[in-house]
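The structure appears right after this line, and notes come after that.
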Amino acid sequence: MLDTATSEDDTNLLVTIVDTNPLAWQQSATAKIPLSLDDAIRQILIFFNAHMALKHDNKVAAIASHIGHCKFLYPVTDAETHRRQANQYKISKDANAYPNFKDVNDDIIESLRSLMLDTDTPQKNLNDGTSMISGALSMALCYINRIMNQDDLGRIKPRILVLSVSPDSPYQYISIMNAVFSAQKMSIPIDVCKVYGGEVAFLQQASHITGGVYLDVENPQALLQYLLFSFLPERYARNYLCLPNKEQVDFRAACFCHKRIIDIGYVCSVCLSIFCSWSPVCSTCRTKFAFRALPPLAGKGRPAISRTASPAPSAAASPGSSSPMSTT
Amino acid sequence: MSGRKAKKDDDEYVDIDDATDTHENEDAQQGGYSWEEEYKRSWDVLQEDAEGRLSSVVAHLQQQMKRRRLLRDTATVQRGIIRHLFLVIDLSEAMNEKDLRPSRLELTLTYARQFVTEYFDQNPISQLGIIVIRDGVAERLTDLSGNPTDHLRALKNKRNQETSGEPSLQNALDMACASLVNVPSHGSREVLVVYGSLTTCDPGDIYDTIAQLKKEHVRVSFVGLAAEIQVCRTLCKETNGSYGVVLNEAHFKDLLFEAIPPPAVTQTRNTSNLVMMGFPTKSNDLHPSFCVCHSKLTVGGYICPRCSSKICELPTDCDVCGLTLVSSPHLARSYHHLFPVDNFIEVPWSGINSLHCFACQTAFDSSPPPGAGLESNSGRYSCPRCHNQFCVDCDIFVHEVLHNCPGCWAAGSNISTVQIHSKKQPAIQNDVMPMQGVTS
Ligand SMILES: [Zn+2]
Ligand SMILES: [Zn+2]
Ligand SMILES: [Zn+2]
Ligand SMILES: [Zn+2]
Ligand SMILES: [Zn+2]
Ligand SMILES: [Zn+2]
């Protein structure tokens, strides 16, 4: 599908969400093919510089999705810039560096340093050791919304890149999906680069729904190469490229009651929770269901509830046993 | 020099005028119809601030306007998420009136298209049908279906935009009712009528139709374009619908779009049920095969888990076995109706705690403008749960598009959002986890 809203002259805004979860990076640094956060950041900064070098007005923003909280790494607020200037952080001047690149690099490194040194922040959300990816996505979308509101000509074409190392965190499911659907509504692709760790179903769905790129990094040492080849092309160039994508995104669901994967299930008409068998009360929203015979089609020659839902879904599951109830 | 100055004054004048205009609309909506009101001097609503300037007052009015739509009920209620709605559009001669610009008909069709898009965006597993009335008969443009492109195509068709003759309310309602009685009772049955005429040309007694609609629990809502009609008022009252007569273009849109969020479930009649649904797998067959929905050769598609027929798009009902087919993200798209974000609270200057918007990093004014009191609005809005402060643009964006408070999901520094959320909806928070699609 051709993204016709884009053109060669667009300004590209790349909002990158860097998963800075220290626990996951620790594991990554000691994995078979190790990649530490330091190495990764070095390569990511080169990637940012490459993005800015592509066009004079390309823009970049970075958000850290940390354990327990998220923070903008770049751009930094005016107040923060003043504070840094007052503390003389930017004393080193390099005659050989392009000042724009150097400003971005220095700002991001400084923000990361303060993020890592900040151990005061209460980290109550450590319970499942995942980063606040939904918060970071929400902030990214708010930021993009503001930039696009200010851009009267509609020349800025935003995209989001998530560099993920943490596993999925189930309690963020609703908020991640809300963010994904808003991104879809604003036609912002969400690219996902899985640097370390297993499959992330939520982010896979995110890139599938928004038409972004999904990539599993096989050799993390070569992160930069993956970034440059798959994530650098702007939205206009993507019309003519064949970028890696997840062929098989499976949208089957798992039931709430046994967490089994099912392909035919019962959905509560009030809260849309999924169950593998019929029951008189929704365990999620406590709605009581009216007793009635299931529609005739559902009763006739219905095969087993699902391929994977093995032996006996309780008696209530079969329409045969629920229809007597309706007569009582 | 004087020329430039004059132009500047002109600009400012226009600006203020716009603001007062919108303010009048707001008043009008709370009061009566604009033609019923007493003569009002628009400059009376403007009060100069302490410095004798108007700009801050105007800015304040504009901000109020922006936020007006936002302050809605955020209580968690049960909502009928599976809906069946017929949109009935009057195509009688009366629709050619030009009292709404550009004309009643054109405006109605524009809004109807927006309505269809927005309806499916917010009600992904619901169905919609369109009926038009002209020449005393009702004509079904589209049957109840879940595919927005069909409806949009029907609305764009020039032949479906021609007006003629008298409308017949009864015929349209009978037609809608006949289709709606067949839908399963767990879904809502709704009719939304956009009616420009003041008369109706019916074959029988409309009160019989009203009784029938009431019996079948069909909710009829009305958007009148001309003036209030007693029979319509009765109809809406009897069927628990809403009745509104438009005042101006913007109010028309407001009235029409009120029907988009899923209606709260009435406690009196228990229609909720467990609905059997299929979650098809995507087929990646290299060879083209016939789909059951269009009977065309296509590559790829979704396989119905019950009868193994191939379907092109989700969500839909299987054409062969009738099973409702959805994907898990379709269900997730409706969850924000169940857990709305709390309304943000205006922060006075005495309560500021940050110099930039938490979500988008816009810098705020650091001190009140001279003359403004400490209790006046500082342009910040704070979330009652996480107490982070946001700008007005983010406030609107969060409530209208995103449906997540970025602060609650991003800041561990204030409170643990997990605990708060799980306290409120323990069952859901724990149970939502298996909703993820599973990759094979
Ligand atoms: Zn189960
Ligand atoms: Zn429920
Ligand atoms: Zn087809
Ligand atoms: Zn089927
Ligand atoms: Zn903001
Ligand atoms: Zn909040």
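Report yes if some residue within the range B:66-81 is modelled with pLDDT of 85 or more and buried (at least 20 other Cβ atoms within 10 Å of the Cβ); otherwise report no.
No, every residue in the range B:66-81 fails to be modelled with pLDDT of 85 or more and buried (at least 20 other Cβ atoms within 10 Å of the Cβ).
Need pairs with beta-carbon distance below 6 Å; first residue without any contact (Cβ under 8 Å) to a residue 60 or more places away in the chain and within the range B:244-263, second of a type in the set (Val, Ile, Thr) and assigned to a strand (DSSP E or B); sequence gap 6+ or separate chains.
Matching pairs, first to second residue: B:GLY244/B:VAL223; B:LEU255/B:VAL223.
Rundown of residues vs (1) surrounded by fewer than 19 Cβ atoms within 10 Å (Cβ to Cβ); (2) more than 16 Å from ligand 5 (Cβ to nearest atom); (3) in a loop (DSSP other than H, G, I, E, B); (4) not assigned by TED's automatic domain parsing to the domain that holds B:CYS291, yes/no style:
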position: B:PRO305; (1), (2), (3), (4): no, yes, yes, no
position: B:SER308; (1), (2), (3), (4): yes, yes, yes, no
position: B:GLU313; (1), (2), (3), (4): yes, yes, yes, no
position: B:VAL320; (1), (2), (3), (4): yes, yes, yes, no
position: B:LEU331; (1), (2), (3), (4): no, yes, no, yes
position: B:HIS336; (1), (2), (3), (4): no, yes, no, yes
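Name the single residue that is nearest to B:SER283 (Cα to Cα) among those in the range A:230-248 being exposed (fewer than 14 other Cβ atoms within 10 Å of the Cβ) and more than 20 Å from the chain's Cα centre (by Cα).
A:CYS242
Looking at the range B:358-390, which of its residues are within 11 Å of ligand 6 (Cβ to nearest atom), out of contact with any helix residue (DSSP H, G or I) (no Cβ under 8 Å at 6 or more places or on another chain) and either among the small types (Gly, Ala, Ser) or in a loop (DSSP other than H, G, I, E, B) (or both)?
B:PRO384 - this is the single residue of the range B:358-390 that is within 11 Å of ligand 6 (Cβ to nearest atom), out of contact with any helix residue (DSSP H, G or I) (no Cβ under 8 Å at 6 or more places or on another chain) and either among the small types (Gly, Ala, Ser) or in a loop (DSSP other than H, G, I, E, B) (or both).
Suppose the filter is within 22 Å of A:HIS51 (Cα to Cα), modelled with pLDDT of 90 or more, away from ligand 3 (no atom under 16 Å from the Cβ) and not in a strand (DSSP E or B); does A:LEU228 pass it?
Considered against the rule, which asks whether it is within 22 Å of A:HIS51 (Cα to Cα), modelled with pLDDT of 90 or more, away from ligand 3 (no atom under 16 Å from the Cβ) and not in a strand (DSSP E or B), A:LEU228 comes out as yes.
Test each condition in (1) closer than 23 Å to B:LEU144 by Cβ; (2) surrounded by fewer than 19 Cβ atoms within 10 Å (Cβ to Cβ) for B:LEU286 and report the one that comes out false.
For B:LEU286, the failing item is (1).
Looking at A:THR6, A:THR81, which is the one that is outside any helix (DSSP H, G or I) and polar (S, T, N, Q)?
Of A:THR6, A:THR81, the one residue that is outside any helix (DSSP H, G or I) and polar (S, T, N, Q) is A:THR6.
Restricting the search to the range A:129-149, which residues are within 16 Å of A:ASN58 (Cα to Cα) and surrounded by fewer than 24 Cβ atoms within 10 Å (Cβ to Cβ)?
Of everything in the range A:129-149, those that are within 16 Å of A:ASN58 (Cα to Cα) and surrounded by fewer than 24 Cβ atoms within 10 Å (Cβ to Cβ) turn out to be A:ILE144, A:ILE147, A:MET148.
From the set of residues in the range B:313-353 that are farther than 19 Å from B:ASN123 by Cα and of a type in the set (Asp, Glu), which is nearest to ligand 4 (Cβ to nearest atom)?
Here the answer is B:ASP319.
Can you name every residue in the range B:123-145 that is polar (S, T, N, Q) and surrounded by 17 or more Cβ atoms within 10 Å (Cβ to Cβ)?
Initially, the range B:123-145 is screened for residues polar (S, T, N, Q), giving B:123, B:126-127, B:142, B:145.
Within the range B:123-145, B:ASN123, B:SER126, B:GLN127, B:THR142 meet the criteria.
Which of the residues that make up the range B:180-189 are out of contact with any His (no Cβ under 7 Å at 6 or more places or on another chain) and either buried (at least 17 other Cβ atoms within 10 Å of the Cβ) or at pLDDT below 80 (or both)?
B:PRO184, B:SER185, B:HIS186
Of the numbered conditions (1) within 14 Å of chain B (Cβ to nearest Cβ); (2) of a type in the set (S, T, N, Q); (3) out of contact with any Ser or Thr (no Cβ under 8 Å at 6 or more places or on another chain), A:SER65 satisfies every one except a single condition; which is it?
A:SER65 satisfies all of (1) within 14 Å of chain B (Cβ to nearest Cβ); (2) of a type in the set (S, T, N, Q); (3) out of contact with any Ser or Thr (no Cβ under 8 Å at 6 or more places or on another chain) except (3).
Test A:ARG252 against the stated conditions and say whether it is away from ligand 3 (no atom under 16 Å from the Cβ), modelled with pLDDT under 90 and more than 7 Å from chain B (Cβ to nearest Cβ).
no
Would it be correct to say that A:THR6 is in contact (Cβ under 8 Å) with a residue 40 or more places away in the chain and more than 14 Å from A:GLU234 (Cβ to Cβ)?
Numbers: in contact (Cβ under 8 Å) with a residue 40 or more places away in the chain: yes; more than 14 Å from A:GLU234 (Cβ to Cβ): no.
So A:THR6 fails the test.
Please pick out the residue among B:ASN273, B:ASN240, B:ASN248 that is assigned by TED's automatic domain parsing to the domain that holds B:LEU87 and under 30 Å from A:VAL281 (Cα atoms).
Just one listed residue meets the conditions, B:ASN240.
Name the single residue, out of those in the range B:342-361 being surrounded by fewer than 19 Cβ atoms within 10 Å (Cβ to Cβ) and in contact with a His (Cβ under 9 Å, 6 or more places away or on another chain), that is nearest to B:ILE81 (Cα to Cα).
Applying the filter and picking the extreme gives B:ASN343.
Taking into account only those residues within the range B:318-357 that are of a type in the set (Phe, Trp, Tyr) and within 16 Å of ligand 6 (Cβ to nearest atom), which is farthest from the other protein chains (Cβ to nearest Cβ)?
Top of the filtered list is B:PHE344.
Counting only residues that are in contact with a Leu (Cβ under 7 Å, 6 or more places away or on another chain) and either more than 10 Å from ligand 4 (Cβ to nearest atom) or at pLDDT below 75 (or both), how many does the range B:300-312 have?
Total satisfying the criteria: 1.
Any chance you could count how many residues in the range B:400-415 are at pLDDT below 90 and more than 7 Å from chain A (Cβ to nearest Cβ)?
Residues in the range B:400-415 being at pLDDT below 90 and more than 7 Å from chain A (Cβ to nearest Cβ): 5 in total.
The values are calculated or read from the model by the stated rules, or taken from the named source; none is laboratory data. None of the values given here were measured: they were computed from a predicted structure. Here Cβ is always computed from backbone atoms with ideal geometry, including for glycine, and neighbour counts include all displayed protein chains.
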